[in-house]
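See structure below.
The numbers here are math on the coordinates, done by the rules we state, and not lab data. Bear in mind the structure is a predicted one, so any value in this text is a computation, not a measurement. Glycine gets a Cβ as well: all are built from the backbone with ideal geometry, and neighbour counts include every protein chain shown.
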Amino acid sequence: MEIKTIKYILWLDEISKKDIALVGGKNANLGEMYQNLTHATSQIFPDEHIQVPYGFAVPAYSYRYFIEKNSLDVKIGVLEIPSSRRFSSIVSWVSG
């Protein structure tokens, strides 16, 4: 099993466009930008660099794990009921 598939967070220097299935398109593109633009140089502006802040992505499986382990999947599922009559009972159940 590849190490990326078992980590709860992935740093931008660990992800690329090949990791879209793990972290989504936006995060994969941030990883590409961080890796390719922070050290890039330009012949026109040799002293200028594109600043891409270092950061991390939360893989989809980490998000799902957190939701399930905290029983939030049940509470979120209840919120998807489209009945406005049940809104107050849902709010009190979720906050209680």
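In the chain, helical runs assigned H by DSSP with n ≥ 4 each contribute -39500 (n - 2.57); averaged across all residues and rounded to the nearest 500, the mean residue ellipticity at 222 nm is -14500 deg cm²/dmol. Lysine pairs in the stretch 3-58 whose alpha-carbon atoms fall under 15 angstrom of each other, counting only those eight or more residues apart or on distinct chains, come to 4. For the stretch 3-58, the Cα-based Rg and Dmax, in that order, read 12.7, 43 Å. What you get for the chain, charging only the Cβ of Lys and Arg (+1) and of Asp and Glu (-1), is a dipole of about 620 debye around the Cα centre. Annotation for the stretch 1-64: trypsin sites (Lys or Arg not before Pro) lying in DSSP loop with at most 10 further Cβ atoms inside 10 Å of their Cβ do not exist.
Hey, any idea what the orientation-averaged projected area of the convex hull of the chain's Cα atoms comes to, in nm²?
9.7 nm²
With neighbours defined as other Cβ atoms within 10 Å of a residue's Cβ, the residues Ile76, Ile15, Ile20, Ile44 order from fewest to most as Ile44, Ile76, Ile20, Ile15. With the charge dipole of the chain set up from +1 on Lys and Arg Cβ and -1 on Asp and Glu Cβ about the Cα centre, the Cα lying farthest toward the positive end among the listed residues Leu22, Val74, Ser42 is that of Val74. Each Lys or Arg adds one and each Asp or Glu subtracts one; over the other residues with Cβ under 12 Å from the Cβ of Val52, this totals -2.
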